[in-house]
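Some notes on the structure that comes next.
The values are calculated or read from the model by the stated rules, or taken from the named source; none is laboratory data. This one's a predicted model, so the numbers in the text were calculated from it and none came from an experiment. Because the Cβ atoms are built from the backbone with ideal geometry, glycine has one as well, and the counts that use them run over all protein chains shown. Side chains included, ligands, DNA and RNA excluded: accessible areas come from the protein's heavy atoms. Shrake-Rupley method; radii C 1.70, N 1.55, O 1.52, S 1.80 Å.
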Amino acid sequence: MSFEQGLSGLNAASRNLDVIGNNVANANTVGFKGSQADFADVYANSLAASGGAAIGIGTSVAAVQQAFTQGNISVSSNPLDVAINGQGFFRLSDDGVISYSRNGQFHLDKSGYIINANGAHLTGYGVNANGVLATANPGDLQVSTAELAPKMTTKGSIVANLDSRDQPLPAAGFDINDPSSYDNATSMTVYDSLGNAHTLSSYFVKTADDTWSVFGASDGTQLGTGPIGTLTFTSSGAIDTAATTLPLSVSMSLANGATTPLAVSLDFTGSTQFGSAFGVSTLDQDGYASGQLAGFAIADDGTVQGRYSNGQSRTLGQMVLANFADPQGLQPLGNNAWGETSASGQPLIGSPGSGNLGQVQSGATEDSNVDLTAQLVDMITAQRSYQANAQTIKTQDAVMQTLVNLR
């Protein structure tokens with residue numbers, strides 16, 4: 001029986017060395033999860049109950065378990081390298097075949113899809129025409145390089161301090177070409193429906209104590225013949241909301257093919273009249289010109305945010321992660337990927353950071369979780385075990401030889 005015991009020990013030690021060798025070989029593989037061999041003793045089956053002096057017939061490798069523990073995070077120079085900090089797997093699609101991976105080394109293909117080195121597409125939530133995430137079903141993530149359409153200005157905001165020490169001027173004498181006919185002025189850039197920029201100017205004329213007329217101009221041409229509105233202040237210097245109607249309405253006639261007139265609501269809420277020099281603290285409006293994609297970044301929640309040449313940003317998609325009730329049940333497919341099985345359970349899909357899913361880090365990769373020092377020590381132990389089992393066979397052979405030589 002010792003031959004069988006020794007042979008099983010040799011086989012088990014050999015498989016253990018295979019597992020250790022595979023771990024060592026993948027010590028620098030991004031996202032690799034190390035394995036260990038689990039051993040079990042072997043006893044012969046019996047129809048009757050076995051006695052307490054039963055001797056086993058060796059050992060076997062019951063399973064090879066992967067350790068899905070976190071690997072170290074290393075910074076990389078590729079913004080599309082993504083590391084998972086916590087639980088979860090990247091969901092990949094290769095012509096509809098779904099697999100899962102911890103290797104986040106991605107790049108863009110010629111069509112703008114985010115792919116790995118094997119050509120599998122990273123999946124996630126796309127966006128609709130309004131840039132809103134469509135979270136119904138994950139699909140292949142594609143970074144659109146289309147030009148960002150312009151947005152027409154509809155609202156503007158000006159917060160300024162008007163100097164209460166200024167002396168009243170006759171509003172009827174206002175002339176945009178005569179600086180002495182108004183007290184102060186400021187301008188902002190607004191955009192029409194085609195993304196063309198226009199200058200909207202506001203001129204302030206103090207007509208009485210605590211009362212200011214506001215005149216408007218579009219690209220240097222006065223809007224109308226009178227003021228576009230009046231600002232009235234209280235004795236404490238704040239806008240008198242009972243006597244002032246806000247926002248003021250501005251209508252700009254255009255002759256360049258864009259939607260005309262360009263109507264802008266101009267809000268002066270927050271403006272003051274104090275005894276200090278004129279100053280503007282806020283100039284804001286909600287329009288912008290068209291823009292080209294200048295770059296993009298991936299946030300901790302997997303959102304792919306595009307940056308455009310017009311200073312705007314827009315969500316281009318969001319990657320998803322998947323987790324399993326029993327990751328040990330996943331089937332290794334090679335190329336840093338696993339496949340779903342009945343033992344693993346169905347994937348639990350969500351955005352990074354939601355539920356028990358980890359967050360992602362852009363410009364970084366997850367190192368292999370193999371402890372090379374520990375593996376080298378285990379290799380020595382496995383080698384000794386192999387030698388010891390070989391010695392068992394050698395000893396049994398010597399015993400058999402003694403029996404054969406009996407006369």
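Go through ALA117, ALA134, ALA53 for me and flag whichever is outside any strand (DSSP E or B), loosely packed, with under 14 Cβ neighbours inside 10 Å, at pLDDT below 90 and on the phi < 0 side of the Ramachandran plot.
Just a single option satisfies the conditions, and that option is ALA53.
Please list, ordered by first then second residue, the pairs with beta carbon atoms under 7 Å, 6 or more apart or interchain, first in the stretch 353-375 and more than 20 Å from HIS107 (Cα to Cα), second in a strand (DSSP E or B) and open to solvent by 40 Å² or more (accessible area, probe 1.4 Å).
From the stretch 353-375, the pairs are GLY353/GLN359; GLY358/ASN85.
Taking the conditions exactly as written (modelled with pLDDT of 95 or more, open to solvent by 40 Å² or more (accessible area, probe 1.4 Å) and among the β-branched types (Val, Ile, Thr)), does ILE84 satisfy them or not?
no
I'd like to check something: does the stretch 148-170 contain any residue that is aliphatic (A, V, I, L, M) and free of Cβ contacts under 8 Å to residues at least 12 places away in the same chain?
No: the stretch 148-170 contains no residue that is aliphatic (A, V, I, L, M) and free of Cβ contacts under 8 Å to residues at least 12 places away in the same chain.
Out of the stretch 353-378, which residues are in contact with a Ser or Thr (Cβ under 9 Å, 6 or more places away or on another chain) and either of a type in the set (A, V, I, L, M) or crowded, with 19+ Cβ neighbours inside 10 Å (or both)?
LEU357, ALA364, THR365, GLU366, SER368, ASN369, VAL370
Could you please let me know if SER60 is closer than 30 Å to GLY291 by Cα, open to solvent by 30 Å² or more (accessible area, probe 1.4 Å) and of a type in the set (Gly, Ala, Ser)?
no
Can you spot a residue in the stretch 327-345 that is surrounded by 18 or more Cβ atoms within 10 Å (Cβ to Cβ) and of a type in the set (Val, Ile, Thr)?
Within the stretch 327-345 (the criterion being surrounded by 18 or more Cβ atoms within 10 Å (Cβ to Cβ) and of a type in the set (Val, Ile, Thr)), the answer is no, since none of the residues qualifies.
Does the stretch 245-273 hold any residues that are buried (at least 19 other Cβ atoms within 10 Å of the Cβ) and part of a loop (DSSP other than H, G, I, E, B), and which are they?
PHE268, SER271, GLN273
Every residue, every condition in (1) more than 21 Å from GLY275 (Cβ to Cβ); (2) among the aliphatic types (A, V, I, L, M), yes or no:
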| residue | (1), (2) |
| --- | --- |
| ALA208 | no, yes |
| SER213 | no, no |
| GLY224 | yes, no |
| PRO227 | yes, no |
| THR232 | no, no |
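Go through the stretch 285-302 and report how many residues are in contact (Cβ under 8 Å) with a residue 60 or more places away in the chain, in a loop (DSSP other than H, G, I, E, B) and either within 20 Å of GLY353 (Cα to Cα) or aromatic (Phe, Trp, Tyr) (or both).
3
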